[in-house]
Amino acid sequence: MFTKETYINRRSELKKSLKSGILLFLGNEESPMNYADNTFHFRQDSTFLYFFGMDFAGLAGVIDLDEDKEILFGNDLTVEDIVWMGTQPTLMQRCERYGISQTRPYSQLAGYLISAINKGRVVHYLPPYRPENKIKLMDMLGVSPAIVQSKSSTELVRAVVDLRNHKSTEEISEIERAVNISVDMHVMAMKMAKPHIKESELAAAVTQVALAAGGQLSFPVIMTINGQTLHNHYHGNTLKSGDMVLCDCGAETGMHYAGDLSSTFPVDPHFTSRQKEIYQIVLSAHEAAKTRLAPGVPFREVHFAACRTLINGLKEISLMKGDTEEALAMGAHAMFFPCGTGHMMGLDVHDMEDLGEVYVGYNGQPKSTQFGLKSLRLARPMEEGFVATIEPGLYFIPELIASWKKDNINSSFINFSKVEAYSTFSGIRNEEDVVITHDGYRVLGKKKPMTIEEVEDLRR
Ligand code: GLY
Ligand code: MN
């Protein structure tokens, strides 16, 4: 945990943004896998962690702006709980660590909220994403699950996003710890890959690195010879000579800050010349994106810098044609790059996606509806302290290629006859994590092998 002052300051900064009402923060509950006592790994809600720090189930935090109170609702363990769970600090002892002066039993939360509503006060809550919390909001506030998202507080969302988007020095150090562990995960996978071992063996090895470092995975491991599928969680294939492995994985520290890296490497000691050609285009796009990183520059421009480089590279090998700017405007490159160049990262790997990408990545402005561009999670002008990923890629998705070819989509920019030869090429993505500094950016964490030479050096 950070010092108690960190949590006190975060809450007091939040209080400056909203004038009145009750701010309600529901923690997460245990989530059963197949029966009540056999649960998924517990993950606390990130905003609850950010303001209240406590990392266990059965809690709700209230900041009462009208009565200037901060109250933690929860229950102390009974002796029977202790038999199963061991000795634990009392709720009050835990609250003291986070500078919270009042606790009340969880059963009093509904009464507290209803009495405030009856006095005409507003209860601000964040969009819930877990069924348990939707049910609680229905029980306590009478808002049905069908409309509970739409009744959440945009004012509170905006205030939370503004705080959490700006990472403090201590948060950046913690994220950097996550990235360093994530680099170790990637180096492990690159060193282990060889013909005849399974994707699942590589996935297990990187998971071991994350857990051994005292944390968890920041999201389920992507470790696949079918890198053309953007989020491919299948690990059943056996690696063979000529394949490439796309590894997208990251660690989450014990304090729940995320790292998120991607690498693509050959199963053989060397890339083939065709793999090198595509890999180098992706790498050039990656570097072009980074050169645009600075405060004030919209991340949309960072994305476009990557896309332009991809288009020019694909033109050089005759997979695309025509005017680069026109192709970019039409989204023609999206057949090869149907997603975005990066996203915010922090306590969540896609930071605050639960609060809405439009607020986190677009500052409330609407997103494009164009195929490809609509999947860009971050477009707003960057500010010092923003932490984001850089992850352009090239993907050869047979069904997408066939569908665009059949419907003649962007045929003035795509040489479909040449693209066909790549229909089983798979996909390439590299990913780094960066922080925006006052005059530019810094890549977080230790160096991850990324150039062709660096990757091949590890594969020997
Ligand atoms: N690392 C997974 C993603 O960024 O979507
Ligand atoms: Mn990512």
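Out of all the residues in the stretch 377-389, which are closer than 11 Å to VAL302 by Cα and part of a loop (DSSP other than H, G, I, E, B)?
LEU378, ALA379, ARG380, MET382, listed by residue number.
Given the options ILE82, ILE100, name the one that is modelled with pLDDT under 95 and of a type outside the set (Lys, Arg).
Details: ILE100 fails: modelled with pLDDT under 95.
It is ILE82.
Anything in the stretch 411-425 that is open to solvent by 10 Å² or more (accessible area, probe 1.4 Å) and either polar (S, T, N, Q) or in contact (Cβ under 8 Å) with a residue 40 or more places away in the chain (or both)? List them, or say none. Break it down into steps so the answer makes sense when it comes.
So the first thing to find is which residues in the stretch 411-425 are open to solvent by 10 Å² or more (accessible area, probe 1.4 Å), and the list is 411-413, 415-418, 420-425.
Result: SER411, SER412, PHE413, ASN415, SER417, LYS418, TYR422, SER423, THR424, PHE425.
Please go through the stretch 331-371 and give me each residue that is under 18 Å from ASP260 (Cα atoms) and hydrophobic (A, V, I, L, M, F, W, C), ordered by number.
CYS339, MET344, MET345, LEU347, VAL349, MET352, VAL360
Consider the stretch 205-226. How many of its residues are within 16 Å of ligand 2 (Cβ to nearest atom), farther than 20 Å from ARG43 by Cα and either open to solvent by 30 Å² or more (accessible area, probe 1.4 Å) or touching a Phe, Trp or Tyr at 6+ places or on another chain (Cβ under 7 Å) (or both)?
1
In this structure, does ILE428 turn out to be more than 16 Å from ligand 2 (Cβ to nearest atom) and either open to solvent by less than 10 Å² (accessible area, probe 1.4 Å) or polar (S, T, N, Q) (or both)? Explain how you work it out, then say what you get.
Values: more than 16 Å from ligand 2 (Cβ to nearest atom): no; either open to solvent by less than 10 Å² (accessible area, probe 1.4 Å) or polar (S, T, N, Q) (or both): yes.
So ILE428 does not fit the description; no.
Which members of the stretch 350-371 meet the condition of being assigned to a loop (DSSP other than H, G, I, E, B), closer than 26 Å to PRO128 by Cα and either open to solvent by less than 20 Å² (accessible area, probe 1.4 Å) or away from ligand 1 (no atom under 15 Å from the Cβ) (or both)? Before you say what the answer is, go through the steps one by one.
Of all residues in the stretch 350-371, those assigned to a loop (DSSP other than H, G, I, E, B) come to 350-352, 356, 361-371.
If we keep only those that are closer than 26 Å to PRO128 by Cα too, we end up with 350-352, 356, 361-369.
ASP351, MET352, GLY356, GLY361, TYR362, ASN363, GLY364, GLN365, PRO366, LYS367, SER368, THR369, listed by residue number.
Which residue is nearest to ligand 1 (Cβ to nearest atom), if the candidates are limited to the stretch 316-349 and must be open to solvent by less than 30 Å² (accessible area, probe 1.4 Å) and part of a helix (DSSP H, G or I)?
Of the residues in the stretch 316-349, the ones open to solvent by less than 30 Å² (accessible area, probe 1.4 Å) are 319-320, 324, 327-328, 331-347, 349.
Going one step further and asking which of them are part of a helix (DSSP H, G or I), we end up with 324, 327-328, 332-335.
Working: THR324: 26, ALA327: 25, LEU328: 22, ALA332: 23, HIS333: 19, ALA334: 16, MET335: 19 Å.
If we take residues in the stretch 316-349 being open to solvent by less than 30 Å² (accessible area, probe 1.4 Å) and part of a helix (DSSP H, G or I), then ALA334 is nearest to ligand 1 (Cβ to nearest atom).
Can we say SER241 is out of contact with any His (no Cβ under 6 Å at 6 or more places or on another chain), open to solvent by 10 Å² or more (accessible area, probe 1.4 Å) and more than 16 Å from ligand 1 (Cβ to nearest atom)? It would help to see each step written out before you state the result.
Details: out of contact with any His (no Cβ under 6 Å at 6 or more places or on another chain): yes; open to solvent by 10 Å² or more (accessible area, probe 1.4 Å): yes; more than 16 Å from ligand 1 (Cβ to nearest atom): yes.
Against the criterion (out of contact with any His (no Cβ under 6 Å at 6 or more places or on another chain), open to solvent by 10 Å² or more (accessible area, probe 1.4 Å) and more than 16 Å from ligand 1 (Cβ to nearest atom)), SER241 qualifies.
Consider only pairs whose beta carbons are under 7 Å apart and that are at least six residues apart or on different chains; among these, list those whose first residue lies in the stretch 253-279 and is on the phi > 0 side of the Ramachandran plot and whose second residue is of a type in the set (A, V, I, L, M, F, W, C) and within 16 Å of ligand 2 (Cβ to nearest atom).
HIS256/LEU347
Would the stretch 182-204 turn up any residue that is farther than 26 Å from ASP268 by Cα, surrounded by fewer than 20 Cβ atoms within 10 Å (Cβ to Cβ) and either of a type in the set (A, V, I, L, M, F, W, C) or out of contact with any strand residue (DSSP E or B) (no Cβ under 9 Å at 6 or more places or on another chain) (or both)?
Here is the first cut: in the stretch 182-204, the ones farther than 26 Å from ASP268 by Cα are none.
No, because not a single residue in the stretch 182-204 is farther than 26 Å from ASP268 by Cα, surrounded by fewer than 20 Cβ atoms within 10 Å (Cβ to Cβ) and either of a type in the set (A, V, I, L, M, F, W, C) or out of contact with any strand residue (DSSP E or B) (no Cβ under 9 Å at 6 or more places or on another chain) (or both).
Tell me yes or no: at least one residue of the stretch 403-410 is over 13 Å from the mean Cα position of the chain (by Cα), crowded, with 16+ Cβ neighbours inside 10 Å, in a loop (DSSP other than H, G, I, E, B) and at pLDDT 95 or above.
Just the residues of the stretch 403-410 that are over 13 Å from the mean Cα position of the chain (by Cα), to begin with: 403-410.
Of the ones still in play, those that are also crowded, with 16+ Cβ neighbours inside 10 Å are 404-405, 409-410.
In the following step, the residues that additionally are in a loop (DSSP other than H, G, I, E, B) were identified as 409-410.
Within this subset, residues satisfying the condition of being at pLDDT 95 or above are 409-410.
Checked against the condition, which is being over 13 Å from the mean Cα position of the chain (by Cα), crowded, with 16+ Cβ neighbours inside 10 Å, in a loop (DSSP other than H, G, I, E, B) and at pLDDT 95 or above, the stretch 403-410 yields at least one hit.
Residues are listed down the side, and each one gets a yes or a no for (1) of a type in the set (Phe, Trp, Tyr); (2) within 16 Å of ligand 2 (Cβ to nearest atom); (3) modelled with pLDDT of 95 or more:
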| site | (1), (2), (3) |
| --- | --- |
| ILE317 | no, no, yes |
| LYS321 | no, no, yes |
| HIS333 | no, no, yes |
| PHE336 | yes, no, yes |
| HIS343 | no, yes, yes |
| LEU347 | no, yes, yes |
| GLU357 | no, yes, yes |
| TYR362 | yes, no, yes |
| PRO366 | no, no, yes |
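Which residue is nearest to ligand 1 (Cβ to nearest atom), if the candidates are limited to the stretch 227-238 and must be open to solvent by 10 Å² or more (accessible area, probe 1.4 Å) and either in contact with a Phe, Trp or Tyr (Cβ under 7 Å, 6 or more places away or on another chain) or in contact (Cβ under 8 Å) with a residue 24 or more places away in the chain (or both)?
Kept after step one, since they are open to solvent by 10 Å² or more (accessible area, probe 1.4 Å), are these residues of the stretch 227-238: 228-238.
Next, only the ones that are either in contact with a Phe, Trp or Tyr (Cβ under 7 Å, 6 or more places away or on another chain) or in contact (Cβ under 8 Å) with a residue 24 or more places away in the chain (or both) stay: 228-230, 234-238.
Working: GLN228: 15, THR229: 12, LEU230: 7, TYR234: 15, HIS235: 16, GLY236: 20, ASN237: 19, THR238: 24 Å.
Selected residue: LEU230.
The values are calculated or read from the model by the stated rules, or taken from the named source; none is laboratory data. Please read these numbers as outputs of a predicted model, since none were measured by experiment. Neighbour counts run over all protein chains shown; Cβ positions are idealised from the backbone, glycine included. The accessibility values were calculated without ligands, DNA or RNA, using every heavy atom of the protein model including side chains. Shrake-Rupley method; radii C 1.70, N 1.55, O 1.52, S 1.80 Å.
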